[in-house]
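Peer 1: Encoded as C-alpha cells, here's the structure I'll be asking about.
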Amino acid sequence: MEAMTTPVALTERETLQRYEKRGALLRGHFRLTSGLHSDIYLQSALVLQHPEDAAALGESLAATFRGDRVHTVLAPAIGGILVAHEVARALGVRALFTERENGEMRLRRGFTLSPGERCLVVEDVITTGGSTREVVQCVEAHGGLVVGVGSLIDRSGGTATFSVKRVALATLSAATYAPESCPLCKTGSIAVKPGSRA
Ligand SMILES: [Zn+2]
C-alpha cells in the first residue's frame, strides 16, 4: 500500500495521523492562547514545518478542487501561507496571501486580481470561519470570484458554513470552555499550555 508513486489524496484518518505524528494535534486538557480551555490542541505549524507533510496535505486539498478551474489560491497570513503555497503548487497556479492592516484583511505587496479571476480560499484550520470569510470579502472587493473554500482541518465540527463549495480534509469537534465553567477542570485535571516545558 505504501509503494504507490503517484500522489494519493489523504483520508481523514491519514490527515489526522500526520498531525498527531508531528505533535500538531494533541488531545487532553489545554489552556489556549486565548485563555480558554479546550480538549484539543491544534498547531498546524508543527506539521507544516515538514515540507513532505505540507506537500502531501496541500496535494490532497488541491485534488478536491481540480475540476473547479481555479486560477489563484489565497490564504490569510501567517497560518495559511504554506497551505496556499502547496495547494497552488499542486494546481499549477499562483498563491497569494492577505494581511490584516488596521484591522482589515487586505491584499498587500503588489498582489492583484483580475476581474472574474477564479479564486480558492484556503486555511490551515477553520474554527469559526471568520478569517476565511474576511478573505472571501477581500477577493470580492478586488473583483475576483470565490469558487471554493478549503481547509486542512475543520475544528468547528462542520458548523462553519459557506455559500460556496467547501472542503476540509478532516473534521474535529473541539470544545472550548471559559476556565470557570470548564468541565475538565471540575474533574480535578489541570489545563496545560502546549509548547511550554515544565
Ligand atoms: Zn479546564
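The values are calculated or read from the model by the stated rules, or taken from the named source; none is laboratory data. Computed from a predicted structure; not experimentally measured. All Cβ positions, glycine included, derive from the backbone under ideal geometry; neighbour counts span all protein chains shown.
Peer 1: For a quick check of your reading of the model, give me the residue pairs whose first member lies in region 177-196 and is over 17 Å from residue 26 (Cβ atoms), whose second is within 8 Å of the ligand (Cβ to nearest atom), with beta-carbon atoms closer than 6 Å and at least 6 apart or on different chains.
Peer 2: Sorted first by the residue in region 177-196, then by its partner, the pairs are 179/37.
Peer 1: May I pose another question? What do you reckon, is residue 54 touching a helix residue (DSSP H, G or I) at 6+ places or on another chain (Cβ under 7 Å), in a strand (DSSP E or B) and closer than 30 Å to residue 103 by Cα? Please lay out each step first, then the result.
Peer 2: Values: touching a helix residue (DSSP H, G or I) at 6+ places or on another chain (Cβ under 7 Å): yes; in a strand (DSSP E or B): no; closer than 30 Å to residue 103 by Cα: yes.
No, not satisfied.
Peer 1: Only one of (1) out of contact with any Cys (no Cβ under 7 Å at 6 or more places or on another chain); (2) not in a loop (DSSP other than H, G, I, E, B) fails for residue 78. Which number is that?
Peer 2: With respect to (1) out of contact with any Cys (no Cβ under 7 Å at 6 or more places or on another chain); (2) not in a loop (DSSP other than H, G, I, E, B), residue 78 is out only on (2).
Peer 1: State whether one or more residues within region 168-184 are within 16 Å of the ligand (Cβ to nearest atom), part of a strand (DSSP E or B) and among the polar types (S, T, N, Q).
Peer 2: In the first step, residues of region 168-184 are kept if they are within 16 Å of the ligand (Cβ to nearest atom); the result is 174-184.
Filter once more, keeping what is part of a strand (DSSP E or B): 176-177.
This time we only want the ones that are among the polar types (S, T, N, Q), so: 176.
Yes, that holds for at least one residue.
Peer 1: Which one of the conditions (1) basic (Lys, Arg); (2) away from the ligand (no atom under 16 Å from the Cβ); (3) at pLDDT below 95 does residue 108 fail to meet, given that it meets all the rest?
Peer 2: (3)
Peer 1: Output the residue which, of all residues in region 185-198 that are loosely packed, with under 13 Cβ neighbours inside 10 Å and not polar (S, T, N, Q), is farthest from the ligand (Cβ to nearest atom).
Peer 2: Going through region 185-198, the residues loosely packed, with under 13 Cβ neighbours inside 10 Å turn out to be 186-188, 190, 193, 195-198.
This time we only want the ones that are not polar (S, T, N, Q), so: 186, 188, 190, 193, 195, 197-198.
Working: 186: 8, 188: 10, 190: 8, 193: 12, 195: 17, 197: 20, 198: 17 Å.
Here the residue is 197.
Peer 1: Please pick out the residue among 86, 14 that is at pLDDT 95 or above, within 24 Å of residue 156 (Cα to Cα), acidic (Asp, Glu) and surrounded by fewer than 17 Cβ atoms within 10 Å (Cβ to Cβ). Break it down into steps so the answer makes sense when it comes.
Peer 2: Details: 86 fails: surrounded by fewer than 17 Cβ atoms within 10 Å (Cβ to Cβ).
Going through 86, 14 in turn, the sole match is 14.
Peer 1: In addition: Would you please name the residue that is modelled with the highest pLDDT, looking only at residues in region 29-56 that are surrounded by 13 or more Cβ atoms within 10 Å (Cβ to Cβ) and of a type in the set (Asp, Glu)?
Peer 2: 53
Peer 1: If you don't mind, there's one more thing I want to ask. Look through 26, 96 and report the one residue that is assigned to a strand (DSSP E or B), surrounded by 16 or more Cβ atoms within 10 Å (Cβ to Cβ) and either within 16 Å of the ligand (Cβ to nearest atom) or among the aromatic types (Phe, Trp, Tyr) (or both). Even if it seems obvious, please write down each step before you answer.
Peer 2: Values: 96 fails: either within 16 Å of the ligand (Cβ to nearest atom) or among the aromatic types (Phe, Trp, Tyr) (or both).
Selected residue: 26, the only one of 26, 96 that is assigned to a strand (DSSP E or B), surrounded by 16 or more Cβ atoms within 10 Å (Cβ to Cβ) and either within 16 Å of the ligand (Cβ to nearest atom) or among the aromatic types (Phe, Trp, Tyr) (or both).
Peer 1: Condition check: modelled with pLDDT under 95, within 16 Å of the ligand (Cβ to nearest atom) and either surrounded by 12 or more Cβ atoms within 10 Å (Cβ to Cβ) or among the aliphatic types (A, V, I, L, M) (or both). Does residue 127 satisfy that? So that I can check it myself, show each step before the final result.
Peer 2: Working: modelled with pLDDT under 95: yes; within 16 Å of the ligand (Cβ to nearest atom): no; either surrounded by 12 or more Cβ atoms within 10 Å (Cβ to Cβ) or among the aliphatic types (A, V, I, L, M) (or both): yes.
Here the answer is no, as residue 127 does not meet what is asked.
Peer 1: Looking at region 29-46 only, could you name the residues that are among the small types (Gly, Ala, Ser) and within 10 Å of the ligand (Cβ to nearest atom)? So that I can check it myself, show each step before the final result.
Peer 2: Just the residues of region 29-46 that are among the small types (Gly, Ala, Ser), to begin with: 34-35, 38, 44-45.
Selection gives 38 alone.
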